[in-house]
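In what follows, a structure is listed as structure tokens, so that the remarks can point back to it.
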């Protein structure tokens, strides 16, 4: 609940304060130009990177590779686009940060570690479906999930 409060109250308040301060220092028209400019440039960059990521996903699937990395990149690029079209300085900074491939790589690694830790601690459950007899599918929970070894491309 505290994170939602921060997201929906504190961030917009800080954004408003920053925009007012910038407006007082550089002028209203320059501030509006900054907002529109970052939105247009950010949306363009996000579109280009999204298209590239989708092509990478298709190539990987055609070659039989896991779609995990391009899918996560696509989600992060989508979040970046949403941040960039939202008026504000902090959201623009985060949006542009998400468009940098090295930043996305670091975020992917962090997300992977957090997800693996959540599985190990039992905060997240993982189940494997196996075809049972007849039309019923049987679900068996996986136990002792361990991260992949050194051959993992994400390491």
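The values are calculated or read from the model by the stated rules, or taken from the named source; none is laboratory data. Note that the coordinates shown come from a computational prediction; the quantities given were computed from them, not determined experimentally. All Cβ positions, glycine included, derive from the backbone under ideal geometry; neighbour counts span all protein chains shown.
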In region 31-58, residues that are surrounded by 13 or more Cβ atoms within 10 Å (Cβ to Cβ) and under 21 Å from the mean Cα position of the chain (by Cα) total 14
Identify all residues within region 76-92 that are more than 14 Å from the chain's Cα centre (by Cα) and on the phi < 0 side of the Ramachandran plot; write none if there are none.
85, 86, 87, 89, 90, 92
Can we say residue 91 is out of contact with any helix residue (DSSP H, G or I) (no Cβ under 7 Å at 6 or more places or on another chain), buried (at least 17 other Cβ atoms within 10 Å of the Cβ) and under 27 Å from residue 109 (Cα atoms)?
no
Within the group 19, 61, which residue is over 16 Å from the mean Cα position of the chain (by Cα), assigned to a helix (DSSP H, G or I) and over 29 Å from residue 9 (Cβ atoms)?
61
For residue 96, state whether it is surrounded by 13 or more Cβ atoms within 10 Å (Cβ to Cβ), under 23 Å from residue 7 (Cβ atoms) and modelled with pLDDT under 90.
no
Here are 3, 25: which of them is farther than 25 Å from residue 102 by Cα, under 20 Å from the mean Cα position of the chain (by Cα) and in a helix (DSSP H, G or I)?
3
Which condition breaks for residue 40 when tested against (1) in contact (Cβ under 8 Å) with a residue 60 or more places away in the chain; (2) within 17 Å of residue 89 (Cα to Cα)?
(1)
Condition check: surrounded by 15 or more Cβ atoms within 10 Å (Cβ to Cβ), assigned to a helix (DSSP H, G or I) and either at pLDDT below 90 or out of contact with any helix residue (DSSP H, G or I) (no Cβ under 6 Å at 6 or more places or on another chain) (or both). Does residue 77 satisfy that?
no
